[in-house]
Structure formats: C-alpha cells, structure tokens
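K.L.:
Right, I'll just put the structure down here and ask away after.
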Amino acid sequence: MEASLLSALFAVAAAVANAAGTVLQRVAARTVPTKDAFSPRLVRRLVRDRAWLAGIGVIVAAAVFQALALAWGAMSLVQPILVLELPLALVIARVFAGTPMPAGGWTAALLTGVGLALALSAAAPVEGGRGVSGAVWTVALLAVGAGVGGCTALALRRPRGKARAALFGSASALCYGLTAALMNAAIAALADAGVRGLATTWQTYACAAAGGCALFLLANAMESGPLFVSQPALTLGEAAASLALGAVLYGDSLRTGWWIAPQAAGAALTAWGVVLLAGLPAATTPSGETDTDTDAERVP
C-alpha cells in the first residue's frame, strides 16, 4: 500500500478516536463546578470520572494512530485530516444523546469532508524532511508559547461561555499542533537510532509535556462552554498550526500554480461546513439537559 494512503488511513482512525474521546471528556466536564475551573481540583475531579478516564484511553489510542500516520506521511497531510474530528464528534454526540441530526447537519458534515478531500488532493503535501536547528526550535517554541499564553490569559478574563470555550480551545489547538511537530521529530529519532534514540532526544519529553498541556486546556474548554463552540476552534486551529509548523520546521510544501484554485475552493467548502456545523442546535443529553451556553453555577 502506498505510504501516503496508509498515512491518510491512520490519520482518519486518529480523527475517529479523537472525536470519541472528546465527547467522553465533554460528558465528564459537565459535572465539574465552575469554581474548580483551571485548577488542580479540576484534574482531581476528572480522574475519578469513568467517562473522562475512558476518553483519555481513547485519546491515547488516537495518539498512537497519529504517530503511525506521521511515520508514513508528512505533517501537512496528516494534521488537516484531523479536521474530520469536528463532524465526527458532533455525530457521536448525537448518537450518545439519542437525538437525530438536525436539518442541514448531514449537509454540513458532507461539505466539510468533501472540501477537505478536495483541498488535500489538490495540495498533494510533500514532506520536506530537512533537519531543524536548535535556534529554529527555540523560535517555534517561544511563538507557540506566546500564543497559548495569550489565549489562556484572555480566556481566564471571560466568564464561562462561548468566548471562554473558544479561547481555551484555540490554546489547546496550538499545543496539539506543537505536539504533532515534536512527535514527528521523536519518530524520526526512533527510525534513526531505535528505542535509544527515542529515549535520548528531548523532543520525546517535550512532546509528552505539550500533550499534557493540551489535554488540560481541552478539559477547561469542555468545562467552559458547549462542544459546538470549542470543537471548531480546536480542530481548525490545530490544522492551521500544524501546517505552519510543518512548513517552518520541516520544509513541507504544497503544490502551487493553478493548483491553488482547487485548494482554495476546498478550504472554502471546509470552512463553510464548519460554520454550518457550529451553528447546529445543541444536542440533548440522556438526562434531558441541553448542551447550551450558561454561566450558572453547577453543583459538584
């Protein structure tokens, strides 16, 4: 099987697993009182929740699929495919809630998938494969850190609601994009020097730290507001950050010339689908609650 196709299949598997894990984490986050947001108490509460633990397990599986996808293909191919996590998460949330997809839901999901397929087939991402100097890594880490810090600071100044959820989702997206870039370097070290190379490269440990930070920020995004707000910020933000880091760090490239037109058309269809998905009515949970935006204090 062609390497790029195998990479794409693993990326789709990662998107499915991430979507399921996100829904499980959202279910758990709804039980957390507002006063525990962005504190160690949030983590302590969540680790006792079976839904959250199941979500973490599924997300770990997604990370394995993502690592396999990156081992076979370029970041600029793998990471945009993870945008499929958005429609998948909303579909899974509907299935969990036992409610049908509202009018226009399937059309929005189809637009997202078709747009993404058109953009990627026209772009035909090629892995650069160049080495990354310490200076370039330093600039990348500082830039991502500034973005995460800025989004987090703005989120903490907002009350619980859509804006706070979107900002935390964006901060988590930047961390996930950096995690993918670091994971790519760790996989390269594994391929070059085996387990010893993986254990001795700093990117392995930085990847774990960035992934942990992304999960913490994602938990706060899930706690802060509805899934249909935080998920677009997460999926589109991660794709954008990953494309930028892939180009800057590894020299990944896309086709140019007249191919830019279908790439732009695919990106527009994807964005249109995401906007439609984000505007869908919220799903009703099995308990009869609606995943809506409210600033009311919740009980422990």
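Just so you know, all these numbers are worked out from the coordinates, no wet-lab data involved. Worth saying up front: this structure is predicted, and the values here are computed from it rather than measured. For neighbour counting, all protein chains shown are included, and Cβ atoms are generated from backbone atoms with ideal geometry for every residue, glycine included.
K.L.:
Using a ≥ b ≥ c from the Cα gyration tensor of region 66-205 (square roots of the eigenvalues), is it rounded, prolate or oblate, where a/c under 1.5 gives rounded and otherwise the larger of a/b and b/c decides, a/b for prolate?
P.N.:
Oblate, because a/c is 1.5 or more while a/b does not exceed b/c.
K.L.:
Would you mind checking which residues have amide H under 5 Å from GLY161's amide H? H placed 1.01 Å from N; only 5 or more apart, or other chain.
P.N.:
none
K.L.:
Give, as a single signed number, the net charge of other residues whose beta carbon lies under 12 Å from the beta carbon of ALA14, with Lys and Arg counted +1 and Asp and Glu -1.
P.N.:
Taking every other residue near ALA14 into account, the sum is -2.
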